[in-house]
Amino acid sequence: MGCGLCEVYCTLAHSTSQDLIKAFKRERPRPVARIRVERTDGLFLPVQCRHCPDSPCVNACLTGAMYKDPRTGAVAVDSYKCNGCWTCIMVCPYGAITRDIDKGIVAKCDLCPGRDVPACVANCPNEALIWAEDGAGGQSSPLVATAQERTGGH
Amino acid sequence: MTRATVPETKYLIIGNSAGGIAAAEAIREVDREGAITLVSEEPYLAYSRPLISEYLAGERSLDSMLLRPLDFYERNKIDALLGTRTARVDFGHKLVELEDGRKLAWRKLLLATGGAPIVPKLKGSHKKGVFTFTTLEDAERIGQAVSRGRTLVVIGSGLIGVSLAQALVHRGVAVVMVELMDRVLATALDAEASRLVEEALRREQIEFILGQTAKEIVGRPEDGRRVGGVILEDGRTIACDGVVFAIGVTPRTELVAGSPVTVNRGIVVNRRMATSCRGVYACGDAAEAYDFIHKTNRLIPVWPNAVAGGRVAGYNMAGRRISYDGSTGMNSLNCFGLSTVAAGIVESKDDPTCEVLASSGPADGTYRKVVLRNNRIVGMVFVGDIERSGIVFGLMKDRVNVRRFKETLLSADFGLGALPDDLRRKRLPLANSQPGGPRRNGG
């Protein structure tokens, strides 16, 4: 339904303060949402990293910052190594990687380490997002997936 | 040389950068035990060459430039001979001779030797204070030679020249960029994006001399062996404390000179990254690999292509038949906060087969352009808001017919949601598994 709560709770989950008001009003560097709800022609489409088995972003990364966690299959970015060259953004077929302008590095879905369920899924009121495992291609990758596309009434 | 008396390695990789490392990892995916030997003339663990600019700027140390964790070679059972130059390769007997006299027999060989910076033979180009900028050692040398208030002339305004200029600005060094073309980054960007990047560089007090190049490098009055200035083709003299040549790289093919390995401008490879010589592969800046836009083999000396080619080479060396999809020219830069990405045919000039869609934001520095041929994307340029450029890149790589939605490609809210339903569902499949969550902690 395009409520955008996934974006809000993603931003909050990646804030230092973990406080909704501070995260949006005062915190610097500004916390960045790693999920985006596309709103086109009445269609609402949450888009986030798919943790691709053969990840174009990992292969394109100039610094070794983007890597696939061999244990979990999640695609993660080492913020110490990232230099914000944006090569991963150029090759992500989902447009799922964001510039963290304040920090000069990229931000992407990290599946909320330390939480049982990623913040976007936990706070989706409509079960449009689910916490799933994609078994395609014989390799499994964890991901937050869109269960159903929702259209808005207009 | 005879094979019987020398130790053998199954896979020999010459080169320890993007292509060599990617190949070694691909080999290990297929063959967990076969001996891999990697030879590199540089003494360092594999590091990110593009980061030498931040190293020179003083923003980064070597440990944050390493491509892989410290135990990478050990964990992958790679015998890394670092700081070791390869003297010659005997392709007939499948032997290699290292400069320290050691010999090795190999079964599969990868030439990931990269490119060498081009230094034109000018009067004075041997003087102290003439540099190139492609390795950590280059950055070290320039770093030692410059200090606040000095002036450096950078010849060439490609990605290497521009990244160097940014580092020098951080160090308080005055930069004069001399470019033969009429604009900066002329091969990477189109004219409009060039203009925006040039403006960003000028704001940092970088000076440009376009349509010119160096004719001669002159010494200092007090010491003729040290650089004191550059004389341009038009006769002007620019006084400076050093000169850096950043006019491009040329494939390092010296090891295959006079061998059965076919070389055009670079080492020629097929779609499996195999050269004309059985058991010998090549990738990266040394090789001419397939370009899916130009539909021919070309030199495309950019990092992502070296990795992509290296992976394909590695799989094939280890016996897994994988074909290289091809790649194309692609560049991304963050120039003093101005984000720019460009790929494929960025400047179609008056090519009647190309359709150009371009838009420019108000005064916010955003710019988008897509070049089409027969309703398929063959080129793209994004400046400023670049977050969705990868979606366009994906449509280009997969040769998707965009006729039905091409007018949306430039809109600020373009995304997967703008694609027709059938295409969107193909490119962004809905969840195909039950809710419940994956295994955490790999368990």
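The values are calculated or read from the model by the stated rules, or taken from the named source; none is laboratory data. Only a predicted model underlies this, so the values are computations on that prediction, with no experimental measurement involved. Here Cβ is always computed from backbone atoms with ideal geometry, including for glycine, and neighbour counts include all displayed protein chains.
Considering the stretch B:377-405 alone, what residues qualify as being of a type in the set (S, T, N, Q) and closer than 20 Å to residue B:194 by Cα?
Selection gives B:389 alone.
Okay, residues lined up against (1) charged (D, E, K, R); (2) touching a helix residue (DSSP H, G or I) at 6+ places or on another chain (Cβ under 9 Å):
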site: B:161; (1), (2): no, no
site: B:167; (1), (2): no, yes
site: B:173; (1), (2): no, yes
site: B:189; (1), (2): no, yes
site: B:192; (1), (2): yes, no
site: B:195; (1), (2): yes, no
site: B:209; (1), (2): no, no
site: B:222; (1), (2): yes, no
site: B:229; (1), (2): no, no
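Here's a check for you: in the stretch B:368-393, which residue that is in a helix (DSSP H, G or I) and touching a Phe, Trp or Tyr at 6+ places or on another chain (Cβ under 8 Å) is farthest from the other protein chains (Cβ to nearest Cβ)?
In this case the residue turns out to be B:392.
Taking the options B:136, B:82, B:98, name whichever one is touching a strand residue (DSSP E or B) at 6+ places or on another chain (Cβ under 7 Å), more than 27 Å from residue B:280 (Cβ to Cβ) and surrounded by fewer than 21 Cβ atoms within 10 Å (Cβ to Cβ).
B:136
Restricted to the stretch B:21-36, and to residues that are outside any loop (DSSP other than H, G, I, E, B) and not β-branched (Val, Ile, Thr), which residue is surrounded by the fewest Cβ atoms within 10 Å (Cβ to Cβ)?
B:29
Filter the stretch A:86-129 down to the residues that are in a loop (DSSP other than H, G, I, E, B) and within 7 Å of chain B (Cβ to nearest Cβ) and list them by number.
Residues satisfying the conditions are A:86, A:92, A:93, A:94, A:95, A:117.
For the stretch A:35-53, give me each residue that is assigned to a loop (DSSP other than H, G, I, E, B) and without any contact (Cβ under 8 Å) to a residue 60 or more places away in the chain.
A:41
The conditions are (1) modelled with pLDDT of 95 or more; (2) in contact with a Cys (Cβ under 8 Å, 6 or more places away or on another chain), and residue A:18 fails exactly one of them. Which is it?
(2)
I'm told residue B:215 meets every condition in (1) in contact (Cβ under 8 Å) with a residue 60 or more places away in the chain; (2) outside any strand (DSSP E or B); (3) not hydrophobic (A, V, I, L, M, F, W, C) except one. Can you identify the failing condition by its number?
With (1) in contact (Cβ under 8 Å) with a residue 60 or more places away in the chain; (2) outside any strand (DSSP E or B); (3) not hydrophobic (A, V, I, L, M, F, W, C) applied to residue B:215, the lone miss is (2).
Working only within the stretch A:13-36, note down all residues that are surrounded by fewer than 21 Cβ atoms within 10 Å (Cβ to Cβ) and among the aliphatic types (A, V, I, L, M).
Scanning the stretch A:13-36 gives A:20, A:21, A:23, A:32.
Grab the strands (runs of 3 or more DSSP E) fully contained in the stretch B:106-157, keeping just those with 1 or more residues being more than 29 Å from residue B:196 (Cα to Cα) and of a type in the set (Gly, Ala, Ser).
Counting at least 1 such residues, we get B:115-117.
Cβ-Cβ distance below 9 Å, separation of 6 or more or different chains: which pairs start in the stretch A:97-122 with a residue that is at positive phi and end on one that is surrounded by fewer than 19 Cβ atoms within 10 Å (Cβ to Cβ) and in a helix (DSSP H, G or I)?
Note: pairs meeting the criteria are A:112/A:122.
Would you point out the residue of the stretch A:53-71, among those that are out of contact with any strand residue (DSSP E or B) (no Cβ under 6 Å at 6 or more places or on another chain) and more than 22 Å from residue B:331 (Cα to Cα), that is nearest to the other protein chains (Cβ to nearest Cβ)?
If we take residues in the stretch A:53-71 being out of contact with any strand residue (DSSP E or B) (no Cβ under 6 Å at 6 or more places or on another chain) and more than 22 Å from residue B:331 (Cα to Cα), then A:71 is nearest to the other protein chains (Cβ to nearest Cβ).
Out of the residues in the stretch B:328-350 that are away from chain A (no Cβ under 14 Å) and either in contact (Cβ under 8 Å) with a residue 12 or more places away in the chain or in a strand (DSSP E or B) (or both), which is surrounded by the most Cβ atoms within 10 Å (Cβ to Cβ)?
Ranking the qualifying residues of the stretch B:328-350, first place goes to B:345.
Taking the condition of being more than 11 Å from chain A (Cβ to nearest Cβ) and either of a type in the set (D, E, K, R) or in a strand (DSSP E or B) (or both), how many residues in the stretch B:37-71 meet it?
Residues meeting the conditions: 7.
Every residue, every condition in (1) at pLDDT below 95; (2) under 30 Å from residue B:379 (Cβ atoms); (3) surrounded by fewer than 19 Cβ atoms within 10 Å (Cβ to Cβ), yes or no:
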site: A:51; (1), (2), (3): yes, yes, no
site: A:69; (1), (2), (3): yes, no, yes
site: A:88; (1), (2), (3): no, yes, no
site: A:131; (1), (2), (3): yes, no, no
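Going residue by residue through the stretch B:75-87, is there one that turns out to be within 20 Å of residue B:141 (Cβ to Cβ), within 14 Å of chain A (Cβ to nearest Cβ) and in a loop (DSSP other than H, G, I, E, B)?
no
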